[in-house]
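Right, one structure below, let's go through it.
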Amino acid sequence: MTVGLSLLALMMQGPPVATTPVIPPPPIMIQTESPSPFDATRDATADVEAALDAARQSGKHVLIVFGGSWCHDSDALVAAMQRPATATMLARRYEIVFVDIPFSRSQRSIAIAHRFGLGDIEGTPTVLILRPDGTPTNLEDAPRWRNAASRKPAAIHRALERAAPAVGE
């Protein structure tokens, strides 16, 4: 009987009192050391021309990375390229250009890719290597960088090191 009376007393108290909802704090935004090199506001055609002009003077190859800050594989490739040993190796071999590619597939048919014999950019990153005279060296392999996030940084280093000689070697 006491259980029944306790239950009856609870029921007569009325509906539970509303409590103030707990609002979680906003997420902490982590700032990276440097902004993404994929910048939609840049004139990519002018950047490629400047890199080709510099390559003709320096004898280096041109490394064009088509990618986007929205792409985890592009971010992984950039991170691997920024590792000190890799950055040093790249500086001895390449004039580097980052070309922003939009997320929308309908906007990926870009003239720069077509100019050098690539089709539309189907996935990112796409890495195109040009001789100093502008001749592409890796048309078949250029789209195969779409799995950069699953590659080890050392493998990325080796692949880019083998693709072009250091100037002066």
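Each value in this text was obtained by applying a stated rule to the coordinates, not by laboratory testing. Just so it is clear, the model here is predicted, and its values are computed rather than measured. Note that each Cβ is placed from the backbone with ideal geometry, even for glycine, and that neighbours are counted across all protein chains shown.
Observations
- Rg/Rh ratio calculated on Cα atoms of the range 36-162 (Kirkwood radius): 0.93
- For residue 96, the residues whose amide H sits under 5 Å from its own are 63, ignoring neighbours fewer than 5 places away on the same chain, with H placed 1.01 Å from N.
- Computed from the Cβ-Cβ distance with R0 of 35 Å, the FRET efficiency linking residue 149 to residue 120 stands at 0.95.
- Kirkwood hydrodynamic radius (C-alpha pairs) into Stokes-Einstein, the range 111-153, 37 °C and 0.692 mPa s, D in µm²/s: 298 µm²/s
- The range 160-165 - phi-based ³J(HN,Hα) in whole Hz, Karplus 6.51/-1.76/1.60, Gly and Pro as x: 6, 5, 6, 6, 8, x
- Length gained on full extension, residue 161 to residue 103: 18.0 nm, using 0.36 nm per residue less the C-alpha separation.
- Neighbourhood charge, 12 Å Cβ-Cβ cut-off, centred on residue 76 and excluding it, Lys, Arg +1 and Asp, Glu -1: +2
- Computed magnitude of the charge dipole of the range 36-162 (debye, nearest 20; Cβ of K, R +1, Cβ of D, E -1): 520 debye
- Dipole of the range 36-162 computed with +1 at Lys/Arg Cβ and -1 at Asp/Glu Cβ about the Cα centre; of 116, 80, 64, farthest Cα towards the positive end is 80.
- With contacts taken as Cα pairs under 8 Å and at least 6 residues apart, the range 36-162 reaches a relative contact order of 32 percent.
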